[in-house]
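Reading through the structure tokens given below for one structure.
The values are calculated or read from the model by the stated rules, or taken from the named source; none is laboratory data. If you're wondering where the values come from, they're calculated on a predicted model, not measured in any experiment. A quick note on method: Cβ atoms are made from the backbone with ideal geometry, for glycine too, and the neighbour counts reach across all protein chains shown.
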Amino acid sequence: MLLNKSLPFLIILALFGNLSISSEVNIYTSRHYDSDSKLYDDFKKLTGIEVNIISAKSTALIERIKSEGKNSPADIFITVDAGNLWKVQDLGLFTKIKSKKIDNIVPTRLRGANNEWIALAKRARVIFYNSEKFTSDDLSTLNYEDLSSSKWKNKIAIRSSNNLYNQSLVASMIANYGEAFTEKWARGLVNNFARKPQGNDRSQIIAVANNEADLAIANSYYLGLMLSGKKGDKQLNAGKKVKILFPSQNKNGTHINISGAGILKTSKNYSNAVKFLEFMLTEDAQKHLVENTYEYPINTKVEPSKLIAQFGLDFKEDDLDVANFGKFNSAALKLMDRVGWQ
Amino acid sequence: MLTLNNLLNNFWKLIPIFCLFIFISPLIFVLGSLLGEFNDNWSHLIEYVLPSYVSNSLILIIGVSILSLILGVGTAWFVTNFDFFGKSWLEWAIILPLAIPPYILAYTFTGLFDSYGSANEIVRYLFNLESSFIFFPNVRNIYGAIVVFSFTLYPYVYLTTRMAFLNQSRSLMEAGKLLGNSTRLLFFRLAVPLVRPAIIAGLALVIMETLSDFGAVEHFAIQTFTTGIFRTWYGMYDLSTAMQLSSFLLIFVAIFIFLERSERSKMSYSYANSTFKKTDSLKLVGLKNFFAFLFCFLPLFIGFILPIIELLNWAVFFPSENFLSNNLISTLFNTIVLGVTAGILCTIFALLINFLKRFHKSWLLDFSSQLLTLGYALPGIILAIGIIKFFSFLDKSFINLLLEVTLLGSLIGLMLAYVIKAYALASNTIESGFLRINNSIDDVSLSLKKTKLEIFFKIHIPLMKTSILTSLLLVISEVIKELPATLILRPFNFDTLAVTTYIYASEERMYEAASPAIMIVLIGLIPIIFLSKIIRDSRPGS
Amino acid sequence: MAKEVLKIVNLSFAYKKNKDIFSNINFSLFEGEILGILGPSGTGKSSLLRLIAGLEKPSEGEIYYYGNEISGKNKFLPPHKRGIGLVLQEKVLFPHLNSLENVKFGIKGSKKDRKEKALDFLRLLKAEKFSQSFPNSLSGGEQQRVAIARTLAPEPKLVLLDEPFSSLDKGLRTALREETKELFRKTNTSCIIVTHDREDAEIMCDKVLKLEEGKIMEALFSS
């Protein structure tokens, strides 16, 4: 194994700053999925360009990029929430992504205003219900707004307000309906919590499968993961009991968030970086993404995984500019503090 | 007059002082945030969340203090004074939970005790109960967190207290016995008050680690001061307020340490002798024997055996091919190299600083080394931010002008983080080691025409072998577990076991996290087992 | 006339500012002389020895050693360069070294020389039997014998003894007192003994000073 032999050498080099190999692309990412590393390997095989990775919390990575200034070795920043992309854009750290290929694949709504960043995959924040308890007809007209109705008292499972996906959802409500309305709504929602917010999205879905709650708010791909059987029979069986409902179909549409990436202004490997992003949007890469993370693809030539496609594909998406998630994130957090959303 | 010769002679004094200055710089960068503006977010924080952050954190540390005192002091008392079933192995096995990071115990706790967790499933299976029946109480709350922290951190109290019990003047205890005190009275009236400084030294470590933790409290969704820091940063994109909050956390800990120190200086704190004779341990029989065994075994069971069983359960049923196939060797190698290097650096540094303090009473030296111990209480990622700011300052003002390299993203940053983070562990151990060496020994050596440096190498170091090794091992086991600072400061493509565990665990992919978590525990066990051996060997009379 | 080994001029000492332990002390010690300093505990007898050994700095005054200033206003010779021998009341043998190694510690020279010399001194103090024993297996008297051997082995010109026999029982004390005195005479070592025990002073010393209430004065008796 080459890696092991060269490791002491690499460490010595690393002691004195960042290595620099002629053909490389340096990525700071807050997506840490195992399956992504196969994409990096494929990219290297295809182009001969070395992919170097640091994965950490996105906010910390942003701080590191900021502090590194013009010396930053980072070429690409990848994250799983549009708010973070907006934040980096707002700090003026991104540069324009110039690529016809990319322009043709990514719709403008899923890009920065001046192509500072692009979406690589989509996820919807949807409602999960127990199919033994409800039919899709019972719930088909359900909007996010209805979740504050006292009808659902002690019936809703959702994770804590520390979670970025929840912050983005609330930020989108503020952008759509204003702060006063959203605050009233959130207060109602908190009253309807089936339990103190806990666990990740998956444990909300499991709570519904186990009838600890009637409705769970969580990201769409979690159900794909559970149904894939990769997480064991317990989760597979729980997953089989629940179905997805796409809320707000008669209104603004279902809340969509993205995994996205941008190229940094200080990038020293700009053309490699563009190549990498183009690669991430190719059919092969997108196929790999959707089959492993169960996100929705950006490249329309690729179908979502069957596990997730079965719940419907032609649902209406909220076409709010995702940059709003970032703009209203702070307001959303404070609002959740005020209504006591733990 | 300062001649070159003079300068060279003082070189060995200047180096540690220079290092000390480097090491506290990141802390200064964090504390410096207090000089900045306090923005509008403060009024929001104060009105809505700060009271609950503070009260939750206080409840947490009070609960953890009480429980880890009971566990740590209780077990130390039993194993030093009594003979009971299993004592010979419990004596050292009691510290094994140190190998389990609190966040891993938290993950396994929810895996076991959630409504559909393994423990509840087993109870249901055994008693043939309905699937809605939940036997164990919910652990995702502050009480669960108190249990998690206490059962992983009590060994710090056990280690310091046991050492102090062993050093306790035997004649004093005998005098107590002759005066007709029962063993129980002796414990509360004499033994505990006498070793109070040692107990508090261990407890300080427990409290600081509890306050700095993020992983476990986040997993249990408890809103503590520390989670508040992150929420402010991540959610409001407001790093400066987050750093100001961290500074207040540091100030709180500083006040605590100051009070403890001034309290300690009021009582003369001396270990009777460097040599001691075996205290006769009382042989327990019957119910007392069983109770003593149970009392010492329970913390080991909850803090070590139980989480290992659950991790093995996950790892066996859901093997993580990815982890085992790919990077295991390099990840393992990284973890060990970092741990050992940091252990050596930290220990040498603590030796030098405490040696200097022994000969030069300087408030500046005292103050700055005390400041450095606060690093242990700082949440890892805020420490990392301090380092990032400090490095980017250095890079921009000096390094880049001279060289084509940056300090940021180099292993130097990681090392710096580890030294700051673990200095308290090293310093506490080394300091008490120095205290145990009679000052007159130095005086006599000086009169025998030995320089201070010769005394250091020929007298102090050989006499402190145990303390040095203990410090080394505590730091290694801490670094192996360290997570948040590693995550953000590491160079490209550089993984450690804790990082690999976290990457899975942060998304509650516990099955994949199990294999690296077991590796952390196994690697962490190596220093702990060495430490256990030291404990065994330090049994008086043997 | 015998050489003046030590000259103390107007010496004052204070732990904290304005809290003098003693002030304006003057006396001299001549070669081969055994000087006793007598006084109740807490009068600063030990501090006086520490000042002479260089373990503390005086607040005022000078100390001359063989005519050279070793402590003074702008002058301070660190203790390891003075090489003034020190024997303390406490048992301060190095616990990790055996008796022989303890005595060897301060001797300079080749490995062989050091060993021989150390053995010589152990013999002089009748401690050769336990040259291989470690301090924690020795009795108080045995430990003090080794400690005195250790101090004398580098052949210092001046030895300071701080209550050297106070922790020993009576029989042992008398014996060791006599032997030590004999040894100092034989090696022509000058010596200051600090003690609160009148008998110690009377038996061992050529001259006795009294330190009381921060002042020094000639004792009433003299041998």
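Going by what's in this entry, would A:L120 be described as part of a strand (DSSP E or B), more than 13 Å from chain B (Cβ to nearest Cβ), in contact with a strand residue (DSSP E or B) (Cβ under 8 Å, 6 or more places away or on another chain) and buried (at least 20 other Cβ atoms within 10 Å of the Cβ)?
Numbers: part of a strand (DSSP E or B): yes; more than 13 Å from chain B (Cβ to nearest Cβ): yes; in contact with a strand residue (DSSP E or B) (Cβ under 8 Å, 6 or more places away or on another chain): yes; buried (at least 20 other Cβ atoms within 10 Å of the Cβ): yes.
Judged against the criteria, A:L120 is a match.
Looking at region A:275-293, is at least one residue within 16 Å of the chain's Cα centre (by Cα), within 14 Å of chain B (Cβ to nearest Cβ) and hydrophobic (A, V, I, L, M, F, W, C)? Among the residues of region A:275-293, not one is within 16 Å of the chain's Cα centre (by Cα), within 14 Å of chain B (Cβ to nearest Cβ) and hydrophobic (A, V, I, L, M, F, W, C), which makes the answer no.
Residue-level analysis places B:I420 among those that are crowded, with 24+ Cβ neighbours inside 10 Å and more than 14 Å from chain C (Cβ to nearest Cβ).
Listed here are the residues, each with its yes/no results for (1) within 23 Å of C:C205 (Cβ to Cβ); (2) surrounded by 14 or more Cβ atoms within 10 Å (Cβ to Cβ); (3) at pLDDT 85 or above.
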site: C:M1; (1), (2), (3): yes, no, no
site: C:G32; (1), (2), (3): yes, yes, yes
site: C:L38; (1), (2), (3): yes, yes, yes
site: C:E56; (1), (2), (3): no, yes, yes
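Which ranges mark the strands (runs of 3 or more DSSP E) fully within region C:24-84 that have 2 or more residues being in contact (Cβ under 8 Å) with a residue 24 or more places away in the chain and away from every other protein chain (no Cβ under 14 Å)?
Passing ranges, in order: C:34-38, C:60-65.
Does at least one position in region A:49-57 carry a residue that is out of contact with any helix residue (DSSP H, G or I) (no Cβ under 8 Å at 6 or more places or on another chain), at the interface with another protein chain (Cβ under 9 Å from one of its Cβ atoms) and closer than 23 Å to A:I258 by Cα? Outline the logic, then answer.
Here is the first cut: in region A:49-57, the residues out of contact with any helix residue (DSSP H, G or I) (no Cβ under 8 Å at 6 or more places or on another chain) are A:52.
Narrowing the set further to residues that are at the interface with another protein chain (Cβ under 9 Å from one of its Cβ atoms) leaves A:52.
Keeping just the survivors that are closer than 23 Å to A:I258 by Cα gives A:52.
Among the residues of region A:49-57, at least one is out of contact with any helix residue (DSSP H, G or I) (no Cβ under 8 Å at 6 or more places or on another chain), at the interface with another protein chain (Cβ under 9 Å from one of its Cβ atoms) and closer than 23 Å to A:I258 by Cα, which makes the answer yes.
In the set A:L313, A:L307, only one residue is surrounded by fewer than 20 Cβ atoms within 10 Å (Cβ to Cβ), away from chain B (no Cβ under 14 Å) and in a helix (DSSP H, G or I); that residue is A:L307.
Can you name the number of the only condition in (1) more than 15 Å from the chain's Cα centre (by Cα); (2) more than 9 Å from every other protein chain (Cβ to nearest Cβ); (3) under 20 Å from B:L446 (Cα atoms); (4) among the hydrophobic types (A, V, I, L, M, F, W, C) that C:F94 fails? C:F94 satisfies all of (1) more than 15 Å from the chain's Cα centre (by Cα); (2) more than 9 Å from every other protein chain (Cβ to nearest Cβ); (3) under 20 Å from B:L446 (Cα atoms); (4) among the hydrophobic types (A, V, I, L, M, F, W, C) except (2). Consider region C:88-105 and keep the residues that are at pLDDT 90 or above, of a type outside the set (D, E, K, R) and closer than 20 Å to C:T189 by Cβ. The one that is surrounded by the fewest Cβ atoms within 10 Å (Cβ to Cβ) is C:F105. Of all the residues that make up region C:129-155, how many are surrounded by 17 or more Cβ atoms within 10 Å (Cβ to Cβ) and under 25 Å from C:T174 (Cβ atoms)? The total comes to 17.
Residues are listed down the side, and each one gets a yes or a no for (1) out of contact with any strand residue (DSSP E or B) (no Cβ under 9 Å at 6 or more places or on another chain); (2) of a type in the set (D, E); (3) outside the structural domain of B:A221 (by TED's automatic domain parsing):
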residue	(1), (2), (3)
B:L35	yes, no, yes
B:E47	yes, yes, no
B:V54	yes, no, no
B:L58	yes, no, no
B:I62	yes, no, no
B:S68	yes, no, no
B:L71	yes, no, no
B:G74	yes, no, no
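Could you tell me whether any residue of region A:64-78 is in contact with an Asp or Glu (Cβ under 9 Å, 6 or more places away or on another chain) and farther than 19 Å from B:S392 by Cβ? The answer is yes, given that some residue of region A:64-78 is in contact with an Asp or Glu (Cβ under 9 Å, 6 or more places away or on another chain) and farther than 19 Å from B:S392 by Cβ.
I'd like to check something: does region B:343-351 contain any residue that is surrounded by fewer than 16 Cβ atoms within 10 Å (Cβ to Cβ), in a helix (DSSP H, G or I) and not assigned by TED's automatic domain parsing to the domain that holds B:P527?
Of region B:343-351, the ones surrounded by fewer than 16 Cβ atoms within 10 Å (Cβ to Cβ) are B:344.
In the following step, the residues that additionally are in a helix (DSSP H, G or I) were identified as B:344.
Subset that is not assigned by TED's automatic domain parsing to the domain that holds B:P527: none.
Among the residues of region B:343-351, not one is surrounded by fewer than 16 Cβ atoms within 10 Å (Cβ to Cβ), in a helix (DSSP H, G or I) and not assigned by TED's automatic domain parsing to the domain that holds B:P527, which makes the answer no.
Which residue is farthest from C:F121 (Cα to Cα), if the candidates are limited to region C:149-197 and must be more than 13 Å from every other protein chain (Cβ to nearest Cβ), without any contact (Cβ under 8 Å) to a residue 60 or more places away in the chain and hydrophobic (A, V, I, L, M, F, W, C)? Across region C:149-197, the extreme among qualifying residues is C:L168. Scanning region C:58-73 for residues that are surrounded by fewer than 19 Cβ atoms within 10 Å (Cβ to Cβ) and within 11 Å of C:I25 (Cα to Cα) yields C:E60, C:E62. I'm trying to understand the selection: among the residues of region B:342-399, which are away from chain A (no Cβ under 14 Å), without any contact (Cβ under 8 Å) to a residue 24 or more places away in the chain and hydrophobic (A, V, I, L, M, F, W, C)? If the condition is that a residue be away from chain A (no Cβ under 14 Å), without any contact (Cβ under 8 Å) to a residue 24 or more places away in the chain and hydrophobic (A, V, I, L, M, F, W, C), then B:I348, B:W363, B:L364, B:F367 are the ones that fit. Within 14 Å of chain A (Cβ to nearest Cβ) and either out of contact with any helix residue (DSSP H, G or I) (no Cβ under 8 Å at 6 or more places or on another chain) or modelled with pLDDT under 80 (or both): is that true of B:S182 in this structure? No.
Annotation: A:S35 fulfils all but one of (1) within 11 Å of chain B (Cβ to nearest Cβ); (2) in contact with a Phe, Trp or Tyr (Cβ under 9 Å, 6 or more places away or on another chain); the unmet one is (2).
B:S88 meets each of the listed conditions (1) surrounded by 19 or more Cβ atoms within 10 Å (Cβ to Cβ); (2) without any contact (Cβ under 8 Å) to a residue 40 or more places away in the chain apart from (1). One residue stands out among those in region B:117-130 that are out of contact with any Phe, Trp or Tyr (no Cβ under 6 Å at 6 or more places or on another chain) and in contact (Cβ under 8 Å) with a residue 12 or more places away in the chain: the one that is surrounded by the fewest Cβ atoms within 10 Å (Cβ to Cβ), which is B:S118.
Does B:F355 satisfy being among the aromatic types (F, W, Y), at pLDDT 90 or above, out of contact with any Ser or Thr (no Cβ under 9 Å at 6 or more places or on another chain) and not assigned by TED's automatic domain parsing to the domain that holds B:I255?
Values: among the aromatic types (F, W, Y): yes; at pLDDT 90 or above: yes; out of contact with any Ser or Thr (no Cβ under 9 Å at 6 or more places or on another chain): yes; not assigned by TED's automatic domain parsing to the domain that holds B:I255: yes.
It is true that B:F355 is among the aromatic types (F, W, Y), at pLDDT 90 or above, out of contact with any Ser or Thr (no Cβ under 9 Å at 6 or more places or on another chain) and not assigned by TED's automatic domain parsing to the domain that holds B:I255.
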